[in-house]
1. Only one residue in L274, L240 is free of Cβ contacts under 8 Å to residues at least 40 places away in the same chain and in contact with a helix residue (DSSP H, G or I) (Cβ under 6 Å, 6 or more places away or on another chain). Which one?
2. What single numbered condition from (1) buried (at least 24 other Cβ atoms within 10 Å of the Cβ); (2) closer than 24 Å to L54 by Cβ; (3) over 15 Å from the mean Cα position of the chain (by Cα) fails to hold for M197?
3. So, in segment 52-75, how many residues would count as being in a strand (DSSP E or B) and surrounded by fewer than 21 Cβ atoms within 10 Å (Cβ to Cβ)?
4. Among the residues of segment 171-185, count how many are on the phi < 0 side of the Ramachandran plot and in contact with a Phe, Trp or Tyr (Cβ under 9 Å, 6 or more places away or on another chain).
5. Among residues belonging to segment 86-95 that are open to solvent by less than 30 Å² (accessible area, probe 1.4 Å) and farther than 15 Å from R156 by Cβ, point out the one that is farthest from the chain's Cα centre (by Cα).
6. Hey, does segment 151-162 have a residue that's open to solvent by 20 Å² or more (accessible area, probe 1.4 Å), under 20 Å from M255 (Cβ atoms) and among the charged types (D, E, K, R)?
7. With the condition being buried (at least 19 other Cβ atoms within 10 Å of the Cβ), of a type in the set (S, T, Y) and out of contact with any His (no Cβ under 8 Å at 6 or more places or on another chain), I'd like the helices (runs of 4 or more DSSP H) fully within segment 233-337 carrying at least 2 qualifying residues.
8. Just need a number here: residues in segment 96-119 that are open to solvent by less than 10 Å² (accessible area, probe 1.4 Å) and either closer than 15 Å to V169 by Cβ or modelled with pLDDT under 95 (or both).
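The values are calculated or read from the model by the stated rules, or taken from the named source; none is laboratory data. Just so it is clear, the structure is predicted and the values come from calculations on it, not from any experiment. Backbone-built Cβ (ideal geometry, glycine too); neighbour counts: all protein chains shown. Remember, those area values only see protein heavy atoms, side chains included, never the ligands or the DNA or RNA. Shrake-Rupley method; radii C 1.70, N 1.55, O 1.52, S 1.80 Å.
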Amino acid sequence: MQTLGQFPSVRMRRMRHDDFSRRLMRESRLSVDDLIYPVFVTEGTNTRVKVPSLPGVERLSIDLLLKQAEECVKLGIPVMALFPSIEDSLKTPDGSEAANPDGLIPRTVRALKEHFPQLGVMCDVALDPYTTHGQDGLIDETGFILNDETIEMLVRQSLAQAEAGADIVAPSDMMDGRIGIIRQELEKRGLIYTKIMAYSAKYASCFYGPFRDAVGSSSNLGRSNKAVYQQDPANTNEALWEVGLDLAEGADMVMVKPGMPYLDVLWRVKQEFLAPTYVYQVSGEYAMLMAAIQNGWLDEKKAIMESLVCFKRAGADGILTYFAPQAARWLAEEGRR
């Protein structure tokens with residue numbers, strides 16, 4: 001970068017001196033249009049279950065989730081992302097409940113689209129909430145996660161979601177080739193406007209722990225890990241390869257996950273492909289911020305909003321965050337809807 005001028009003719013603090021000039025030169029701006037709200041849905045009526053490792057986050061039955069959706073619409077949040085917490089009795093080694101057209105997620109989608117057709121609905125495509133072993137795919141007798149056999153179930157899951165009315169299906173499993181096959185099947189069924197958000201750069205991270213508590217896969221996974229299909233946290237070039245493949249196979253959007261520890265990956269993906277690029281501020285990031293906020297170590301609003309604008313600065317077109325409703329309220333108060 002070429003540096004122009006020198007001190008004292010150039011004083012960088014001059015433009016920082018006043019609020020109006022700081023606003024004039026601000027490079028990255030967060031708005032409610034950037035927010036996607038991940039929520040956890042469970043069976044029952046008037047059922048609300050706290051997630052201890054995610055302070056302020058609850059699993060909600062469909063009737064209560066509709067009230068949450070109404071708030072999202074009022075706040076202007078564009079999309080709600082659904083994650084299930086199903087009964088253990090429905091979990092199987094192959095996760096077949098994921099493809100049940102009358103399962104928890106398809107029923108939730110239908111209810112949301114009936115009451116709030118203007119709200120975008122995104123569904124996670126992965127088997128870990130549905131399997132007895134907590135992995136994102138089918139396993140063989142040694143416990144190894146099978147790729148092609150898993151894709152068959154992911155296709156069935158995606159079709160069940162899309163046919164229920166989901167606007168976005170979001171494969172988060174990291175199986176090779178699944179985007180292309182899901183896209184082909186959606187086209188065959190005439191579901192040509194169903195969007196695919198690919199979890200393209202999803203890392204084998206420790207920051208997913210509270211999420212696994214929320215969907216009930218943590219105890220099933222036990223001491224196992226997902227390193228044979230999720231990415232090594234040490235790699236960035238591999239992420240570009242993954243993103244390129246998913247876009248070539250028909251993904252409309254790509255995602256980097258986790259968020260803040262992987263801002264460099266987010267930046268590289270956006271710069272390389274210029275495609276719609278999203279980031280997930282995952283459960284571990286949320287839990288760390290909330291722990292510091294609740295202990296009085298960080299200012300709540302400043303910490304949350306700074307963390308979100310960092311994603312915009314790194315190139316994100318949108319952010320999945322459990323802070324979405326609160327951030328939307330603050331943005332509305334500031335007149336930045």
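1. After ruling out the rest, the residue left standing is L240.
2. (3)
3. Matching residues across segment 52-75 total 1.
4. Number satisfying all stated conditions: 5.
5. K91
6. No.
7. In segment 233-337, 283-294 are the helices (runs of 4 or more DSSP H) which contain 2 or more residues that are buried (at least 19 other Cβ atoms within 10 Å of the Cβ), of a type in the set (S, T, Y) and out of contact with any His (no Cβ under 8 Å at 6 or more places or on another chain).
8. The qualifying residues number 7.
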